[in-house]
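Have a look at the structure below, then the notes.
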Ligand code: NFE
Ligand code: MG
């Protein structure tokens, strides 16, 4: 007989998530991911001035407000045909980049790592060390990571004015600026953050770590560093001993909108849809489905520009306040793993070929991106010229549609707005966790997390720690999902 396990609330995440699994013969045979609270931000937006999106949408979430600000500003920029001075590209990239780095750091040390200290892992060679470094709030590395996070927050203050809910992000640039003194301070604080990564997290230079371009080389680096080395070596050893490379296989389809716009019209991270190989991304192929979501509509799926948010609390068969976004009708995974594959990161591309998508590859992609971004941010800082403008005068006229696509810490984030008579007629937000934590669609296709959980071997149904690892490897945020 199947055992039903409900994890509700799933702890240490933003927002309210309920996960139900059915376990038979120690194997998950069915999984359900539910967003259990409705927030209604999309309904709040109708009838307001388009520029209000810059103030309201960041408040969708306390941990990715900068990403929502960037998406809203890009949607407005398209609707206004706005142009930005060069400095503003780098300022916005720094606001987005520092938010993502801060999020990845917090995810690893504060959200994911506490589960590694479980009694379950007593037999592993690294158990004592993992407990010493990663015990919640007290572990020696956790304390240091909290200090590094403080440095990241200071940088955010310098580039974005405040966090969360910076008001500096605009379609025509940033209202925050830098002079020589703030620029020098920011460079210094970023160096402090990099010091933490190099001394504690990696125990080698950022460049040496980023030069590792295959899984074989990663294992050689691990051997050379030894167990006393770094948090990264410890985590790598733990992943392999505990089998994190064999749990949490997702849909193996990935999407990235591309992010970090540059003045020459390119982006630092490329966009794409990956299914067996890389395809050009076309946002017109996105639809949100509502078969198992508490919403009513005459049709089962719509492109976000035509999206409808009409709650129906007692809808039969529904189990989530999240809609179910699909690309060409297919489930796709978004997030750091998707971005690293689409950016052709050599280490992650090799790892995914050797061990498929898993808790381990998902975690490594996130940590890899944290390191890549830290290096890139120092280059963006060098490009800022305090003597040049950061902001251009905006136009007060808007065309009929605005689309703002970017990459938040957890994955692809899109804002779609329809404007008529200079007011918002419809505003639809599709967040990363809506993609990853989505419920089934009308065809019964499970969302990525539901799929990743199904088939998992659960050693102890009273303490399903494997299930926790898999869910957390996606870094869910439910405040965003149900917005
Ligand atoms: Ni609420 Fe967010 C991010 C957005 S949702 S955290 O990153 O957008 O997944
Ligand atoms: Mg939405």
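The values are calculated or read from the model by the stated rules, or taken from the named source; none is laboratory data. In this text, all values refer to a predicted model and were calculated from it rather than measured experimentally. When we count neighbours, we look across all protein chains shown, and the Cβ atoms used for this are built from the backbone with ideal geometry, even at glycine.
Only one of the numbered conditions (1) touching a strand residue (DSSP E or B) at 6+ places or on another chain (Cβ under 6 Å); (2) over 25 Å from residue 245 (Cα atoms); (3) more than 16 Å from ligand 1 (Cβ to nearest atom) is not met by residue 380, and that is (1). Exactly one residue out of 82, 72, 77 is assigned to a helix (DSSP H, G or I) and surrounded by fewer than 24 Cβ atoms within 10 Å (Cβ to Cβ): that is 77. Only a single item in (1) in a loop (DSSP other than H, G, I, E, B); (2) within 30 Å of residue 268 (Cα to Cα); (3) out of contact with any helix residue (DSSP H, G or I) (no Cβ under 9 Å at 6 or more places or on another chain) is not met by residue 88, and it is number (1).
Pick from 309, 331: which is under 24 Å from residue 366 (Cα atoms) and at pLDDT 95 or above? If you could, list the steps in order and put the result at the bottom.
Details: 309 fails: under 24 Å from residue 366 (Cα atoms).
Only one candidate qualifies: 331.
Is there a residue being under 20 Å from residue 431 (Cα atoms), at pLDDT 95 or above and either surrounded by 22 or more Cβ atoms within 10 Å (Cβ to Cβ) or in contact with a strand residue (DSSP E or B) (Cβ under 9 Å, 6 or more places away or on another chain) (or both) anywhere in segment 20-33? Looking for residues that are under 20 Å from residue 431 (Cα atoms), at pLDDT 95 or above and either surrounded by 22 or more Cβ atoms within 10 Å (Cβ to Cβ) or in contact with a strand residue (DSSP E or B) (Cβ under 9 Å, 6 or more places away or on another chain) (or both), one finds at least one in segment 20-33, hence yes.
The residues listed here are 43, 59, 48; of these, the one that is away from ligand 1 (no atom under 13 Å from the Cβ), farther than 18 Å from residue 407 by Cβ and in a helix (DSSP H, G or I) is 43.
Within segment 220-250, restricting attention to residues that are under 30 Å from residue 436 (Cα atoms) and surrounded by fewer than 18 Cβ atoms within 10 Å (Cβ to Cβ), the residue that is nearest to the chain's Cα centre (by Cα) is 246. Among residues of segment 429-469 being within 16 Å of ligand 1 (Cβ to nearest atom) and in a loop (DSSP other than H, G, I, E, B), the one that is farthest from residue 19 (Cα to Cα) is 431. Number of residues in segment 392-428 that are part of a loop (DSSP other than H, G, I, E, B), in contact with a strand residue (DSSP E or B) (Cβ under 7 Å, 6 or more places away or on another chain) and surrounded by 19 or more Cβ atoms within 10 Å (Cβ to Cβ): the value is 2. Is it the case that some residue within segment 321-338 is within 26 Å of residue 33 (Cα to Cα), without any contact (Cβ under 8 Å) to a residue 60 or more places away in the chain and away from ligand 1 (no atom under 16 Å from the Cβ)? The answer is yes; a qualifying residue exists.
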